[in-house]
Amino acid sequence: MIAPMKNKSVHSPTSKSSSSRLSPAALIKGFLIFCAGLLLGLTLFFPKHIIWENLFNRLHVQELNIISSYNLDEAGLFSARLLDVRLNIAGEKFVLPRVSLSLGFSPLANITVDSGPELQIALKRGPVIKSTGAINLATIFIDRELSGHVWFDIDMLVSKETWLPVQGSISAGSKQGINIDSDPVLTSFDLDAKLHEARLEIAKLEGTGPVDFSLAGNVALNYDNLQASVYLVQGSYTLAGQTTPFRQQGRLSEFLMQ
């Protein structure tokens with residue numbers, strides 16, 4: 001007797017391939033997991049100091065010779081902290097004790113300069129630099145015996161090629177006074193000015209101290225050597241209760257020596 005044959009199910013090749021094909025949702029999920037793993041790997045293992053060195057190169061720091069030295073204290077993928085940043089700008093030497101940087105989209109970068117008080121600097125598209133806060137002169141100026149806190153409110157368009165200021169407004173002042181060689185020069189001052197190209201138009205500069213003064217004028221800035229900048233100012237000063245008008249012009253180095 002021949003046993004009856006059992007019916008075997010038959011699977012077509014097309015049905016097998018359709019059941020194993022990944023859905024679009026699964027493909028997107030897998031791609032996202034891959035990107036997350038790649039980002040995590042970069043965050044954990046990528047030598048982050050390379051990012052910041054490339055950033056400085058892109059900003060033409062080396063070509064401009066702005067930063068002479070710095071110590072990289074902390075480095076993340078989108079943030080870093082620098083210590084003892086030494087600058088050489090327009091013939092003047094400065095040191096920034098602590099600088100924190102963070103990268104983003106809007107603004108492109110945030111910089112905090114900590115010299116006792118803090119100065120916040122935001123780099124926006126343009127490039128435009130907005131800065132608010134204060135600095136301690138005693139910790140920033142290397143070659144000058146200056147002391148005192150100065151506050152700033154700056155909105156400035158800078159050159160893409162040189163990163164030097166091109167156009168904008170500057171407000172600055174001090175309520176604690178400015179000393180040179182421990183001698184009080186100003187007990188307070190207020191400045192309002194606008195910059196166009198390399199010409200600084202001083203709308204108001206007022207100061208109180210051993211001599212009170214109020215002036216306006218302009219300065220033709222020399223970015224290669226700020227002390228060689230040429231100024232023309234006029235106003236009045238008050239000494240021993242007597243007010244005297246004046247008009248003066250010359251080089252900034254001559255004015256600072258007076």
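Within region 99-158, the set of residues being open to solvent by 50 Å² or more (accessible area, probe 1.4 Å) and part of a loop (DSSP other than H, G, I, E, B) comprises Phe105, Ser106, Leu108, Gly116, Arg125, Ile142, Asp143, Arg144, Glu145. If you check Gln227, Gln234 for being of a type outside the set (Ser, Thr, Tyr), open to solvent by 50 Å² or more (accessible area, probe 1.4 Å) and in a helix (DSSP H, G or I), only one passes: Gln227. Hey, does region 149-162 have a residue that's closer than 26 Å to Glu197 by Cβ and among the polar types (S, T, N, Q)? The answer is yes, given that some residue of region 149-162 is closer than 26 Å to Glu197 by Cβ and among the polar types (S, T, N, Q). When region 194-224 is filtered for residues that are among the charged types (D, E, K, R) and either more than 24 Å from Ile180 (Cα to Cα) or surrounded by 14 or more Cβ atoms within 10 Å (Cβ to Cβ) (or both), the ones remaining, listed by number, are Lys194, Glu197, Arg199, Glu201, Glu206, Asp212, Asp224.
For region 140-166, the tally of residues that are polar (S, T, N, Q) and within 17 Å of the chain's Cα centre (by Cα) stands at 2.
The values are calculated or read from the model by the stated rules, or taken from the named source; none is laboratory data. The shown structure was predicted, so the numbers you read here are calculated from the model rather than taken from an experiment. Note: ideal-geometry Cβ built from the backbone for every residue, glycine included; neighbour counts use all protein chains shown. Heads up: the accessible areas ignore ligands, DNA and RNA and are worked out on the full protein's heavy atoms, side chains in. Shrake-Rupley method; radii C 1.70, N 1.55, O 1.52, S 1.80 Å.
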